[in-house]
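Trainee: Below is a structure I'd like to ask you about.
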Amino acid sequence: MKLRHILLASTCTAALALGGCASNPSRTQVGTGVGAVVGGVAGNAIFGGPVGTIGGAAAGALIGHEIGEDRDQRRYRRR
């Protein structure tokens, strides 16, 4: 039951965050959002509780941001 609530909250948060964008999000923005959601779910599953969830979301957002930024830079170099 707890996992269902986390997934529902993550899905709603992601939908609202991406729905507010006026243009297509960059790969950096998508990477940050996806990384935060995946990191939050993984942090809660591994460590449990709100501290694990928040820590996992922060770490996932950082990693996702860096991966997305790298992919954005590669895309601009190809053009």
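Derivation of every value follows stated rules applied to the coordinates shown; laboratory data play no part. Not measured: the values here are computed from a predicted model. Using ideal geometry, Cβ is built from the backbone for each residue, glycine included, and neighbour counts are taken over all protein chains shown.
Trainee: Can you compute the helix-only [θ] at 222 nm over the chain? Use -39500 (n - 2.57) per DSSP H run of at least 4 residues, normalise by all residues, nearest 500 deg cm²/dmol. Spell out each step's value before the answer.
Mentor: Numbers: 3 runs with 68 residues, N = 79.
So the calculated ellipticity at 222 nm is -30000 deg cm²/dmol.
Trainee: Take the Cβ-Cβ distance between I63 and T13 as r, set R0 to 22 Å, and report the resulting FRET efficiency rounded to the nearest 0.05. Please list the in-between numbers first.
Mentor: Working: r = 18 Å, r/R0 = 0.82.
Working from the Cβ atoms, E equals 0.75.
Trainee: State to the nearest 20 debye the size of the charge dipole of the chain about its Cα centre, where the only charges are +1 on K and R beta carbons and -1 on D and E beta carbons.
Mentor: Numbers: 9 positive and 4 negative charges, 69 e Å.
Magnitude of the dipole: close to 340 debye.
Trainee: Among the helices of the chain (complete DSSP H runs), which have Cα atoms covering no less than 20 Å along the helix axis and a Kyte-Doolittle mean of at least 1.0? Intermediate values should be presented prior to the final figure.
Mentor: On the way: long enough: 2-19 (25 Å, 1.06); 27-46 (27 Å, 0.78); 49-78 (44 Å, -0.70).
Both cut-offs are met by 2-19.
Trainee: Mind sorting out which of (1) 1.06; (2) 1.37; (3) 0.99 is the real Rg/Rh (Cα atoms, Kirkwood Rh) computed from the coordinates?
Mentor: Checking each listed value against the structure points to (1).
Trainee: Here's another thing I want to ask about it. What distance in nm lies between label points placed 7 Å from Cα along the C-beta direction at R4 and I46?
Mentor: 2.7
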